[in-house]
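Chemist: Can you read through this structure? Questions will come right after.
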Amino acid sequence: MDLRDYLRVFRAHWLGMVLITLLGVVVAFGWTLLQPKVYSADASAIVQASADAIGGSDVSNAVVGNTLATGRVKTYAALGSSRAVADGVIKDLNLHTTSDELVKQVSVTNAVDTLTLKVTADAATPEKARDLAEAWVRSMSAEVNRLESGDPGKKGAVYLSPVDSARLPDSPSSPNTRLALALGALVGLAIAVGYGLLRYTLDRRIRSVEQVERETGVAVVGTIPEEKSFTADNRLLPFDGGSSNSSDRAHLFGIAEAVRELRTNLQYMDVDNPPRIIVVTSPLPGDGKSTIASNLAVTLASSGQPVVLIDGDLRRPMIDTVFGLPHGAGISDVLAGRATIAEVAQRFGNGQLLVVTAGKVPPNPSEVLGSARMRELLKSIAREAIVVIDAPPLIPVTDAAVLSHSADGAIVVGTVGKTKYEVLAKALANLERAGARPLGIVLNRIPRRGSGAAYYGYQYHGDYYRSDDEQGLPSGEVRRRETAETA
């Protein structure tokens, strides 16, 4: 994974990752509320040599005394953690605890190259912490006297002298709320990153062009944005492509531009021999293949090319519903010899588009679509016009694979965020087994907002592709300009 992959993971799962991080902070804060408060107080003492023991106070004797005290300081630091000192504190403060438990509340440290001992005592209240630290220094001093002179009240050659009394702490030393919150945020962030990467790894749904092409080895020839205004009976693009602001469907300009891009990719796929018979299918139902087939045919016709759109889905025909045509004779009747293609074809739009509905649903659609009569019919139509066939899904039935074998190739439509790579690979494998050519993959229903929109660039659509002159022109003039430019 490179940096772009990590950014894509964050854009796709940022909400969950943020919530997990915040949860880590909340858990850490809750933990601090449940922990008992502990106050710490510090007292200090210094190890000194008695003037009587070293025989005077001149410089040489001072050096001897310093050497003597230095040799004792490490020993007395260790003495501070002894049960003997703890017993003296228990007696001094009249505590109801054991020496072993009390020793755990106190630590004695010696700063490097100094004769100072620092006593840090922990307790449940500020007063107890202060009293415990001062009592610990007194008990240590008595224990040092006992070791040096045999009498706890009499100083020996080396003794312990208090330097700084303990102060009353004004805030608890534990739990450290700031530190706990920082650690909670850090742990939450680590879990959030793991969550995002796990979702990214386990999520096998289509998310990006690069992943689709890497997983399938087939080029993505179109990316169609989501259009929420489409309904079952109203999902056709206007012949002007929404390029004019005067059009009542100008809001469809973004999706119209995406379909025009698909049209261009197909036309320049093979400049010397562009596909003339195009099957539009999908791995499973519900991916929008009928909508894309219909709008591709409309877009091809709007550029001035003769187009014949055939409803090749003889199981669940949709083209008559999409175009609002009456249910009557169709391609099945032509193949059965009950009608001719001229009799069932219905002209639509600017006159360049002929729509052939499914007709009566036969009991054996696969055999009908794979017949020699169907192959000859497609070849004869392709001499005069581009043929776009709306075919059934590839995985449930074999109709689309059979049709694609008789065509120049098939466009496979997948839904972003829904179609899985394994499903898409199985659909392409069905085409390969039938000896059909995949012209490319179309990614449908790409979100217009959010990370998907930023990735595919659909947040930049709008009036960008409309010139200032075209925005004021009637839709017919815009269409004539588009036709001239395409030609």
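The values are calculated or read from the model by the stated rules, or taken from the named source; none is laboratory data. Everything numeric here is computed off the predicted structure, so don't read it as measured data. We place every Cβ from the backbone using ideal geometry, glycine too, and count neighbours over all the protein chains shown. Quick note on the areas: whole protein, heavy atoms, side chains included, nothing else; ligands and nucleic acids left out. Shrake-Rupley method; radii C 1.70, N 1.55, O 1.52, S 1.80 Å.
Chemist: Just one of Val73, Val64 is open to solvent by 30 Å² or more (accessible area, probe 1.4 Å), at pLDDT below 90 and either of a type in the set (A, V, I, L, M, F, W, C) or within 18 Å of Val103 (Cβ to Cβ) (or both); which is it? Outline the logic, then answer.
Modeler: Numbers: Val73 fails: open to solvent by 30 Å² or more (accessible area, probe 1.4 Å).
Being open to solvent by 30 Å² or more (accessible area, probe 1.4 Å), at pLDDT below 90 and either of a type in the set (A, V, I, L, M, F, W, C) or within 18 Å of Val103 (Cβ to Cβ) (or both) holds for just one of Val73, Val64, which is Val64.
Chemist: Let me ask something else about it. Hey, any hits in the stretch 231-247 for a residue that's open to solvent by 10 Å² or more (accessible area, probe 1.4 Å), without any contact (Cβ under 8 Å) to a residue 24 or more places away in the chain and either assigned to a loop (DSSP other than H, G, I, E, B) or on the phi > 0 side of the Ramachandran plot (or both)?
Modeler: For the stretch 231-247, residues open to solvent by 10 Å² or more (accessible area, probe 1.4 Å), without any contact (Cβ under 8 Å) to a residue 24 or more places away in the chain and either assigned to a loop (DSSP other than H, G, I, E, B) or on the phi > 0 side of the Ramachandran plot (or both): absent.
Chemist: Can you report the number of residues in the stretch 76-110 which are surrounded by fewer than 17 Cβ atoms within 10 Å (Cβ to Cβ) and in a loop (DSSP other than H, G, I, E, B)?
Modeler: 7
Chemist: Any residue in the stretch 260-274 that's over 14 Å from Val442 (Cα atoms): show its pairings with residues that are assigned to a helix (DSSP H, G or I) at Cβ separation under 6 Å, as long as the two are six or more apart or on different chains.
Modeler: Pro274/Gln267
Chemist: Across the stretch 174-222, what is the number of residues that are touching a Leu at 6+ places or on another chain (Cβ under 7 Å) and more than 30 Å from Glu261 (Cβ to Cβ)?
Modeler: Here the count works out to 1.
Chemist: In this structure, is Pro172 more than 45 Å from the chain's Cα centre (by Cα) and in contact (Cβ under 8 Å) with a residue 40 or more places away in the chain?
Modeler: The answer is no for Pro172.
Chemist: Then there is this: Given the conditions (1) at positive phi; (2) in contact (Cβ under 8 Å) with a residue 40 or more places away in the chain, which single one is not true for Gly150?
Modeler: (2)
Chemist: Let me ask something else. Within the stretch 279-314, can you find the residues that are under 30 Å from the mean Cα position of the chain (by Cα) and of a type in the set (S, T, N, Q)?
Modeler: Those that are under 30 Å from the mean Cα position of the chain (by Cα) and of a type in the set (S, T, N, Q): Thr281, Ser282, Thr291.
Chemist: Residues that are at pLDDT 95 or above and open to solvent by less than 40 Å² (accessible area, probe 1.4 Å): list the strands (runs of 3 or more DSSP E) wholly contained in the stretch 272-366 that include at least 3 such residues. Even if it seems obvious, please write down each step before you answer.
Modeler: Working: elements: 277-281, 307-311, 346-348, 353-356.
Passing ranges, in order: 277-281, 307-311, 353-356.
Each row is one residue, and each column tells you yes or no for (1) at pLDDT 95 or above; (2) touching a His at 6+ places or on another chain (Cβ under 6 Å).
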residue	(1), (2)
Gly417	no, no
Ala434	no, yes
Pro438	yes, no
Arg448	no, no
Ala453	no, no
